């Protein structure tokens, strides 16, 4: 019985001290503009994949706080032309030998088609420059809004405490448009 009281006191004290480290942010469910969120380079090419993934999560959560409905474009790097999987390796080999002449499309047209396929009205494109030599981590984000025919570009140095340093001005712009 004595140990239960000690355990109870320790638990209450630890809960009391941990409570001060809890940060709570409340915001409405995202019901605004649906946007596709994509890295401009496949994450498999990064040496710091875990860090890029964490940055993606923080930025997408911040955009959701702004009211955007974010669709993560992880599958955007998969070939859309491959509709089926075949077990016939000879067929795959022959298909790879045969040159396929496809029509070249502008990048903006490709992003627009991908966004339209998921019902998004725009795209957030992110590009990272995380180098091991340089301690500064640069991020460039493009906000492409097809309904307004505009592209906005944002460049900043990464700081995990402030995922989007222009949050307030971005929020004020969004509120002004409503």
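The values are calculated or read from the model by the stated rules, or taken from the named source; none is laboratory data. Given the structure is predicted, the values throughout are model-derived calculations rather than measurements. Heads up, the Cβs are rebuilt from the backbone with ideal geometry, glycines too, and the neighbour counts pull from every protein chain shown.
Of the residues that make up the stretch 140-160, is at least one assigned to a loop (DSSP other than H, G, I, E, B), closer than 17 Å to residue 64 by Cα, modelled with pLDDT of 80 or more and touching a strand residue (DSSP E or B) at 6+ places or on another chain (Cβ under 9 Å)? No, that holds for no residue.
Considering the stretch 65-107, the residues that are under 30 Å from residue 33 (Cβ atoms), outside any loop (DSSP other than H, G, I, E, B) and out of contact with any strand residue (DSSP E or B) (no Cβ under 7 Å at 6 or more places or on another chain) include one that is modelled with the highest pLDDT, namely 65.
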